[in-house]
Protein chains: 2
Amino acid sequence: MVIKVFIVDDHYMVIEGIRSLLQNEKSIEWMGHAMNAASCLAFLQQQQPDVILMDINLPDMSGIDLCKEVKMKYPSIHIIGLSSFNQQSFIQKMLDNGASGYLLKNATREELVYAIKTVIEGEIFLSDEVELTVQKNEDSKVPIITRREMEVLLLIADGLTNNEIAIKLFISTTTVDTHRKNLLAKFEVKNTASLIRMAAQIQLIPFIKPKN
Amino acid sequence: MVIKVFIVDDHYMVIEGIRSLLQNEKSIEWMGHAMNAASCLAFLQQQQPDVILMDINLPDMSGIDLCKEVKMKYPSIHIIGLSSFNQQSFIQKMLDNGASGYLLKNATREELVYAIKTVIEGEIFLSDEVELTVQKNEDSKVPIITRREMEVLLLIADGLTNNEIAIKLFISTTTVDTHRKNLLAKFEVKNTASLIRMAAQIQLIPFIKPKN
DNA sequence: CATAAAATCCTGTTTTTAGGGGATTGTTTT
DNA sequence: AAAACAATCCCCTAAAAACAGGATTTTATG
């Protein structure tokens, strides 16, 4: 049985690289590619692959969200996350959203083929380096914050003081301070600098700074 | 005349992708690849290509520094920067260090070939999108900070206070405060939160937090 | 060698955060 | 219905950062 593979990545060179790596594999059929989430979903309405290799960073939607949506609509498709970074937070989220594996972009042909064959069997595949990270950073879990805390976090990142945030949200400064304290506690950091850094790294803070 | 091309990238899939894209180009000869700066430099001691496609993010040394070193030792080699991100700061630094062009990883075969042929002529090649960014973000210029300011910035991002930084760097707390003031001024922000956010977004702060 | 830039240090004041305690009202969730 | 959570508010203290306005020494660089 031939395994039908589809890829979603916004880097043409990566698509081409994977295609090239797979072209001599008789047991794998290349179905094509999409360069964003929208065209991926459009493609899936026509045909369904067995495995999707999905980049984490897409222009229109994060791979994490796309993964969730695809698994909801087509539960039988196996998804392998794909990215350059060995970021435990992303890997965890992908797996939580139904992904069957995670592959780094410096993987070899052998790893790639093995990953596809593993997830088809219903098993989980993780790159060697990824597994190490998952074990190593087991303690550094992504904090669960509330909606209000998120609002406050974003305003802190925008450079507002507690007082300015209070005015903006029509609440007392002491309330803002409490939210801030909770954020520091949940992120297990002791000041704003570390808080913003962590939040930026796990991509809680959007890149484009909205003008007020 | 055949153009000899070499590539330095730590992502196997990108190497394979470029190789695949170039394999039918008769005017281009594939010399091979390196997956880090060290093996690139080792290779150059044996043979010299005409063009090097160089990733910005390498495991052992930044592409920006490697670019400088290569151009110093082998001025006749043309270097094209390669990365996933359309980051004006990196592009500028690469060009300052002697690169002849900058290509995004979502470039097509045509762009890739055109880029190689352009830089061989001694001209500068920039991806279309890159050129747009260079123009678009002309106002939001990347601040030029000194080495010491960079050290302080990283320690701030690590969550250290001025006093802790002072102890670490064997300088006075007031000096750290001055560096901090200069950082705020150069980034045109008014507090630490905005500073760290901006620094994280232009990728001045490394992802993997070094353990002290 | 002269000038500019970088790195160092200082004295203040004001504002903002961090840390330690609370407490009350709703809203989920079990 | 009780427990857990979210969101709101309060007091107090100490530490840290931001703001202002200096100065000196070292290190590059034309």
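The values are calculated or read from the model by the stated rules, or taken from the named source; none is laboratory data. As the structure is a computational prediction, the values presented were derived from the model and not from experiment. All Cβ positions, even for glycine, are placed from backbone atoms using ideal geometry, and neighbour counts span all protein chains on display. The accessibility values were calculated without ligands, DNA or RNA, using every heavy atom of the protein model including side chains. Shrake-Rupley method; radii C 1.70, N 1.55, O 1.52, S 1.80 Å.
Key figures for this structure:
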| quantity | calculated |
| --- | --- |
| Among (1) modelled with pLDDT under 90; (2) of a type outside the set (S, T, N, Q); (3) out of contact with any helix residue (DSSP H, G or I) (no Cβ under 9 Å at 6 or more places or on another chain) - the single one A:Leu104 does not satisfy | (3) |
| Among the candidates A:Ile165, A:Ile156, A:Ile202, residue that is over 27 Å from the mean Cα position of the chain (by Cα), open to solvent by less than 60 Å² (accessible area, probe 1.4 Å) and within 12 Å of chain B (Cβ to nearest Cβ) | A:Ile165 |
| Residue, nearest to the chain's Cα centre (by Cα), within segment B:171-183, restricted to residues that are open to solvent by less than 40 Å² (accessible area, probe 1.4 Å) and within 10 Å of DNA strand D (Cβ to nearest atom) | B:Leu183 |
| Enumerated strands (runs of 3 or more DSSP E) restricted to segment A:1-76, each holding at least 1 residues that are more than 18 Å from the chain's Cα centre (by Cα) | A:3-8, A:28-34 |
| Any hit, segment A:185-203, residues being on the phi > 0 side of the Ramachandran plot and either at pLDDT 95 or above or near DNA strand D (Cβ under 9 Å from one of its atoms) (or both) | no |
| Residues within segment B:1-54 that are under 28 Å from A:Leu22 (Cα atoms), more than 10 Å from chain A (Cβ to nearest Cβ), open to solvent by 60 Å² or more (accessible area, probe 1.4 Å) and out of contact with any helix residue (DSSP H, G or I) (no Cβ under 8 Å at 6 or more places or on another chain), tallied | 4 |
| The listed residue being at pLDDT below 80, within 16 Å of DNA strand C (Cβ to nearest atom) and more than 26 Å from A:Ile165 (Cβ to Cβ), out of B:Val142, B:Val134 | B:Val142 |
| Residue in segment A:197-204 that is of a type in the set (A, V, I, L, M, F, W, C), part of a helix (DSSP H, G or I) and either over 14 Å from B:Ile196 (Cα atoms) or within 8 Å of DNA strand C (Cβ to nearest atom) (or both) present | no |
| Filter result for the condition that a residue is in contact with a strand residue (DSSP E or B) (Cβ under 6 Å, 6 or more places away or on another chain) and at pLDDT 80 or above, over A:Leu44, A:Leu53 | A:Leu53 |
| Boolean, B:Arg147 is charged (D, E, K, R), within 12 Å of DNA strand D (Cβ to nearest atom) and modelled with pLDDT under 90 | yes |
| Within segment A:185-194, tally of residues that are more than 7 Å from DNA strand C (Cβ to nearest atom) and either of a type in the set (Gly, Ala, Ser) or within 8 Å of chain B (Cβ to nearest Cβ) (or both) | 4 |
| Test: residue in segment A:72-84 that is more than 11 Å from chain B (Cβ to nearest Cβ), touching a Gly at 6+ places or on another chain (Cβ under 9 Å) and modelled with pLDDT under 85 | yes |
| Selection count, segment A:161-184, where residues are near DNA strand C (Cβ under 8 Å from one of its atoms) and out of contact with any helix residue (DSSP H, G or I) (no Cβ under 7 Å at 6 or more places or on another chain) | 5 |
